[in-house]
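Heads up, the thing below is written out as structure tokens.
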Amino acid sequence: MSKLEKIREAESRLLLQTYDRNPILFERGEGVHLIDEQGARYLDLLGGIGVNALGYAHPDVVETIARQCKDLIHISNLYYHHWQAELAEKLTTRTGMERVFFSNSGTEAWEGALKLARAHAGLLRGEGREIGTKFLALEHSFHGRTFGSVSTTWKAKYREPFAPGLPGVEFVRFDDVADLRAKFSNEVCAILIEAIQGEGGVRPVSREFFAVARELASSTGALLIADEIQAGMGRTGKWCAYQHYGIQPDVTTLAKQLAGGVPLGAILCTEEAARAIHAGMHGTTFGGGPLACAVACTVIDVIERDGLMENASAVGGYFIAQLDWLAKKHAAIVDVRGKGLMLAAELDSAELAKKVVAEMLKRRILINCTSETVLRMLPPYILKKQHVDEAIRALDEILTEEEAAPAAAGANKGEARG
Ligand SMILES: *Cc1c(COP(=O)(O)O)cnc(C)c1O
């Protein structure tokens, strides 16, 4: 049995069967490449689902981890260490926020943001304002897998096996301003938005929808909460995707790219929202530890020192242009979307999308498929044009081959869409 076969056999006996893994055993990474146990190199356009902003084995990240783990890995939140305040300073000044709470993951940050909204509404009620406890979330949203997060996540497959979820969550049709206005009332304590939906298929909300959400929330004291766990930290060419809209939410959440692969999440909020939280109301054992916070400081410094947001915009713009060219050539590509290095090409069938991901893997290029028909790319910010060319060439080849097999392609259509 090969090393991979042994591991697969053991995992199939030992692990909860939550993942349908690709049969590759990765051992290390360098820059934008992953290397498997046989030494084969893969171009990684998925970056550990957006996490590896600086790619693999970035020297500054390696150096910070080595230094910090000799000094201090963990002390709990009962004492001070060097890095929380420094990181909070960096984050607040770049996002227009005022206060921060650090967690370990995206879903924990989101849970905390939901708790903050409930507590804030309670504070306002205490001050004589009329405001309820409901959340308005968006169709096609994704906010994580813990109870509050999954309750505010659209996909029934993620929610329903665990019902009943958090009470008081209502979904608004994506980008439907009339539906948002109809469902908003002073029963609502927060409107929940991803400026660019990630798992939902790399869909940006319209300026109008975002602006109306801001206006409605402000009219009652409800919080506008922007989930930037996927789109944030410079991926779209700004620190937060909401900055492209010129709209400031009351609360935002970060995680994926925040600490270059070390688990870390953050809730950022205004002074007004933060009034609701007092000592002992919320907390975490691991969150905001010295190791993760030190690495996050390095990630931010490197992004700025090396102009990586500018690179994300430039290479991302080139990627979109190349995908647009491909869409003109191949009718199977029905839409191309994205901002910076958060990119998608939507295909006309789920079956084809699955096939393209598998064919790309055979050519040693990693992408994934989200929302059934959407090919998604979340590459490291150090990506270069030559890597884009490599991916576009492979996609062109695969789609050309698919078109040359008309019987199979015809059979794919229609059934997979609905
Ligand atoms: C990934 C993601 C989450 C959940 O983060 P985890 O670290 O997996 O818990 C929440 N919201 C968005 C937008 C995400 O992309």
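At-a-glance table
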{"quantity": "Value at 222 nm in deg cm²/dmol, rounded to 500, when DSSP H runs of n ≥ 4 in the chain each add -39,500 (n - 2.57)", "calculated": "-13000 deg cm²/dmol"}
{"quantity": "Charge dipole magnitude, Cβ of K and R +1, D and E -1 - the chain, Cα centre, debye nearest 20", "calculated": "320"}
{"quantity": "Percent of alpha-carbon pairs separated by more than 22 Å within the range 184-281", "calculated": "31"}
{"quantity": "Degrees, to the nearest 10: 106-126 long Cα axis against longest axis of the chain", "calculated": "20"}
{"quantity": "Antiparallel DSSP beta bridges within the chain, as percent of all bridges there, nearest 5", "calculated": "65"}
{"quantity": "Ascending count of other beta-carbon atoms within 10 Å, so fewest first, for V295, V212", "calculated": "V212, V295"}
{"quantity": "DSSP beta bridges in the range 72-305 [antiparallel fraction, %, rounded to 5]", "calculated": "45"}
{"quantity": "For the range 259-418, fraction of C-alpha pairs farther apart than 24 Å, in %", "calculated": "49"}
{"quantity": "Sorted by Cβ neighbour density within 10 Å, fewest at the top, the residues K385, K155", "calculated": "K385, K155"}
{"quantity": "Relative contact order of the chain, defined on C-alpha pairs under 8 angstrom at six or more residues apart (%)", "calculated": "20"}
{"quantity": "Cα-derived Rg over Rh, computed across the range 55-129 with Rh taken as Kirkwood radius", "calculated": "1.09"}
{"quantity": "Debye intensity ratio I(q)/I(0), log10, the range 276-358, q values 0.13, 0.20, 0.24, 0.26 Å⁻¹ (C-alpha model)", "calculated": "-0.69, -0.90, -1.09, -1.19"}
{"quantity": "Given the chain, longest segment not containing exposed loop GluC sites (Glu not before Pro) (DSSP; at most 16 other Cβ within 10 Å)", "calculated": "140-371"}
{"quantity": "Relative contact order, percent, the range 74-185 [alpha-carbon distance under 8 Å, six or more residues apart]", "calculated": "19"}
{"quantity": "Overall dimensions of the range 72-305 by Cα: Rg and Dmax, Å", "calculated": "16.8, 52"}
{"quantity": "DSSP loop chymotrypsin sites (Phe, Trp or Tyr not before Pro) with at most 14 other Cβ within 10 Å excluded, longest remaining stretch of the chain", "calculated": "81-418"}
{"quantity": "From phi via Karplus (6.51, -1.76, 1.60), per-residue ³J(HN,Hα) for the range 179-185 in Hz, x at Gly/Pro", "calculated": "5, 4, 4, 5, 8, 7, 7"}
{"quantity": "Placed amide H near V188: partners under 5 Å, 5+ positions off or other chain", "calculated": "G132, K134"}
{"quantity": "Lysines whose Cα lies under 18 Å from that of K385, excluding same-chain neighbours fewer than 8 positions away", "calculated": "K339"}
{"quantity": "Under Karplus coefficients 6.51, -1.76 and 1.60, residue-wise ³J(HN,Hα) of the range 357-362 in Hz, glycine/proline x", "calculated": "4, 5, 5, 4, 4, 4"}
{"quantity": "Using alpha-carbon coordinates, inclination of helix 207-220 to the longest axis of the chain, degrees", "calculated": "20"}
{"quantity": "Cβ-based exposure ranking for K328, K238, in which fewest neighbours within 10 Å come first", "calculated": "K328, K238"}
{"quantity": "C-alpha long axis of helix 290-305 to longest principal axis of the chain, angle in °", "calculated": "70"}
{"quantity": "Mean Cα-pair separation over length for the range 72-305, i.e. relative contact order, pairs under 8 Å, 6 or more apart, %", "calculated": "30"}
{"quantity": "Trypsin sites (Lys or Arg not before Pro) within the range 1-49, DSSP loop, no more than 16 other Cβ atoms inside 10 Å", "calculated": "R21"}
{"quantity": "Residue-span extension gain [K6 to T133] - 0.36 nm each, minus C-alpha spacing", "calculated": "40.7 nm"}
{"quantity": "For the chain, with +1 on Lys and Arg beta carbons and -1 on Asp and Glu, the positive-most of H81, A353, V61 along the dipole", "calculated": "H81"}
{"quantity": "Cα Rg over Rh - the chain, Kirkwood", "calculated": "0.97"}
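Here, each number is a calculation from the coordinates, and none is a lab measurement. What you see is a predicted model, and the numbers here were worked out from it, not measured in a lab. Neighbour counts are summed over all protein chains in view; Cβ atoms, including those assigned to glycine, are modelled from backbone coordinates with ideal geometry.
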